Ligand code: NA
Ligand code: NA
């Protein structure tokens, strides 16, 4: 059989396993194994795959994952996230869909202190889901809001996606992060507008919160806000501040944040042995789940490329004509489609090496293109079946929120992301303005 | 007529010079010279093996051949740290003459066959790296004291033990941010073309040259000895010619890329510092001291190779320096 | 037979996975402290270490495998089960059992034994971590990865036994995909 046919069959096999209910990570691993046997033979396949485990295990950047999860878990226990959410609720509760607005705002704040999707989503999900359910929010609105809020984790700097992208594309991470700020804020705005419009049209989808809290007097409001905002602000200062002042690298900053969260919890008198062990237990479960998907994705990608999958994609792109607009459209279209079935690491690893020469040839600004790619990659978190945001949500959501709710709920947010992308396509200055303002030295 | 297809493991993305200027042209030359009988399939870094494990990949059979720097084999056998590039080692002018006429390739091949059961050919060479992008002006070796300097390997050891610098370990992807936010004072990464693409000049005032810690470098291509020895003689010869041709070409094509980058860099607002002879000589003394100490230690452990290679490199370098005044060089010592 | 499996064998196999997970929890805490230490000595005392970076990735690179077995036991490896849960429970057990026996255990065995021989070779040759200024020996890292892979293998055997029991008597074990809810 031609290697390219095998490359296509890899995806078919992956889907069969995934839809038979086999864990995603195991499906990736097993598919890589079976097709790896084809590519390498029985004597070498074990070494090849264990090499890919080693490759993942050696990535220093991934050591940011457990501390970011710890930070999220412990924040929930400390009551800090709860207070922040209360504050957001207090100020935004009057508006249609107020709780959803509060959730997105809070996600944006959290996203500014962490670089991964899972941590943001899990923290806000655990707090916001019960409250929104209590006030009878529409279930697909709840599910979509949590998933979309989570996806901000890598859209608003710091961002693991940007770091990996920049290292593959040989470009400046700092510039890319700066270029993402305005589009990131635009995406937040698009999410908020969607919620408001939807809840204006159908008020029963996001009813207002009851009056006792809304009618609190100004003094009380101020107190709640201060106690709600100060700890979260301290934590953002600890994480972003330690990066901005050159105290820690973005990876180390995750640990600074985790320790900061522990100290804050202690300051609130909520730190206890059960809290610590429970946090560590949950961290292990979530971290192992994420990392095994990364390992599976790395193996899958490596076998896919050895079988010539890359050549396949390159041929398809080359056959379709090379105008500047067309190149952008096709590249982003491929990423959008790939996002349904691949995780973002695989997308970056498979697509970028094929796209970069095309981009250079068509004289497209690499930073502008990178931001468009990063936005398109955000949709991959939300588009099922391979939708990490939905996986995280499923690990924390009560059973009454169904998979169908989740898939329905994310669709409008994907549209918001695509509109943000359109804005960036039409107004490239959104990505070039801030990097030009960077002082340098 | 038998056909051969070799899977080649490399260390870098498709777009990096290590592939565009070394692996890809080599594959093309091999195909052309053998009339398509030998096909080299180039795989990007990380596909066939983690990039630092390309030698292992050849040993295990995941890859038929691998291209990379001997330094990836590490300091266990210091030969690997001295043979392809070394702080204060051979320069852009003397590297290729040493490799092909001074015994470099011969020793490399012999060492690989004896110690690793692999056949090796020099494949690819490149020019000087940038000494440092720095927030601190480094003009004398005293300026190195206490400088948080990102680097790797034996250069880290020399900077620390010889000059009291504080070497920092920072992964490549976090370098820009750490330099920008002054988490580190100075860093070295690669050649002007690579560094400029990554934008380090945007975040640190001083660019310090020349890169005496890596004055010039070479890569090798390795294959299992039994596999190589089983190839027909004419195929072996053609592959060797392809490798040598690629080595000559790559050194100069990378220089051209660096020139283009330097022209841009000099238009910017960075301050360029050119290291003087006093600095260079002190670094040379410290580096050679490190090499001979490592070689002496290896010798007591029954490994004569590091001493042999170090002596060959340093003798050739001294002889080149001594006799080169007769040559007309278009080289200048600063950018004025 | 069935009750011996359910009351003796399976708990023993599960205990291995949990013990590894406890190690992983300790590693997580240690890793964060190492990174914090490096930040403090580098920023506060201008005295960066050469080892923190290596130790950090080695810790992180083994802990996710140490925890993989228990994560399987807790059913925290994410599945898309909206289609599969509509199948008869016996068939679901059969699918999982077949997957584990035909694909996953051979995979674990081949990858694990290859990693084990790498660890062994690294031990015999006293291999060092090459791209590092510290140059630590690598066999403990490789051995950790090996232990994690085989630990997962043991849990897969336990789950296979559960699915086999479920195939015979669906009421004796929980249905595939059901488990603890991870709350983070
Ligand atoms: Na973020
Ligand atoms: Na997706």
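The values are calculated or read from the model by the stated rules, or taken from the named source; none is laboratory data. No experiment lies behind these values; they were computed from the predicted model shown. We place every Cβ from the backbone using ideal geometry, glycine too, and count neighbours over all the protein chains shown.
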- Task: Being under 30 Å from residue B:201 (Cα atoms), within 16 Å of ligand 1 (Cβ to nearest atom) and within 14 Å of another protein chain (Cβ to nearest Cβ) narrows it down to one of A:361, A:434, A:356, A:352, so name that one.
- Result: A:434
- Return yes or no: is residue A:150 at pLDDT 85 or above, under 11 Å from the mean Cα position of the chain (by Cα) and within 15 Å of ligand 1 (Cβ to nearest atom)? yes
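Quick grid of which residues meet (1) more than 10 Å from chain C (Cβ to nearest Cβ); (2) modelled with pLDDT of 80 or more:
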position	(1), (2)
A:39	yes, yes
A:47	no, yes
A:52	no, yes
A:55	no, yes
A:66	no, yes
A:81	yes, no
- Item | Residues satisfying the stated conditions in the stretch B:144-158, i.e. more than 9 Å from chain C (Cβ to nearest Cβ) and surrounded by fewer than 18 Cβ atoms within 10 Å (Cβ to Cβ) | B:145
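With the structure loaded, tell me whether residue A:206 is surrounded by 13 or more Cβ atoms within 10 Å (Cβ to Cβ) and either modelled with pLDDT of 80 or more or closer than 12 Å to residue A:95 by Cα (or both) or whether it fails that test. Can you show your working first?
Values: surrounded by 13 or more Cβ atoms within 10 Å (Cβ to Cβ): yes; either modelled with pLDDT of 80 or more or closer than 12 Å to residue A:95 by Cα (or both): yes.
Against the criterion (surrounded by 13 or more Cβ atoms within 10 Å (Cβ to Cβ) and either modelled with pLDDT of 80 or more or closer than 12 Å to residue A:95 by Cα (or both)), residue A:206 qualifies.
Looking only at strands (runs of 3 or more DSSP E) that fall completely inside the stretch B:55-158, which ones have 3 or more residues that are more than 28 Å from residue B:329 (Cβ to Cβ) and free of Cβ contacts under 8 Å to residues at least 40 places away in the same chain? Write out each step before concluding.
On the way: elements: B:65-68, B:118-126, B:132-134, B:148-150.
Qualifying strands (runs of 3 or more DSSP E): B:148-150.
Check A:188, A:168, A:181 and return the single one that is more than 16 Å from ligand 1 (Cβ to nearest atom) and surrounded by fewer than 24 Cβ atoms within 10 Å (Cβ to Cβ).
Among A:188, A:168, A:181, only A:168 is more than 16 Å from ligand 1 (Cβ to nearest atom) and surrounded by fewer than 24 Cβ atoms within 10 Å (Cβ to Cβ).
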- 2 or more residues away from ligand 2 (no atom under 16 Å from the Cβ) and within 14 Å of another protein chain (Cβ to nearest Cβ): qualifying helices (runs of 4 or more DSSP H) within the stretch A:90-174: A:117-134, A:160-169
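Would you call residue A:87 over 20 Å from residue A:66 (Cα atoms), away from ligand 1 (no atom under 16 Å from the Cβ) and modelled with pLDDT of 90 or more? Before the answer, list the steps.
Details: over 20 Å from residue A:66 (Cα atoms): yes; away from ligand 1 (no atom under 16 Å from the Cβ): yes; modelled with pLDDT of 90 or more: no.
No: the conditions fail for residue A:87.
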- Item | Contacts under 8 angstrom Cβ, first residue in the stretch A:361-388 being more than 17 Å from residue A:117 (Cα to Cα) and in contact (Cβ under 8 Å) with a residue 40 or more places away in the chain, partner in a loop (DSSP other than H, G, I, E, B) and more than 16 Å from ligand 2 (Cβ to nearest atom), 6 or more apart | A:362/A:322; A:362/A:323; A:365/A:428; A:366/A:171; A:367/A:171; A:368/A:428; A:370/A:171
- Is it the case that some residue within the stretch A:400-414 is away from chain C (no Cβ under 14 Å) and free of Cβ contacts under 8 Å to residues at least 60 places away in the same chain? yes
- Hey, any hits in the stretch C:95-102 for a residue that's surrounded by 15 or more Cβ atoms within 10 Å (Cβ to Cβ), over 30 Å from residue A:404 (Cα atoms) and in contact with a helix residue (DSSP H, G or I) (Cβ under 9 Å, 6 or more places away or on another chain)? yes
- Restricting the search to the stretch B:159-184, which residues are on the phi < 0 side of the Ramachandran plot, more than 14 Å from chain A (Cβ to nearest Cβ) and without any contact (Cβ under 8 Å) to a residue 24 or more places away in the chain? B:159, B:160, B:165, B:166, B:167
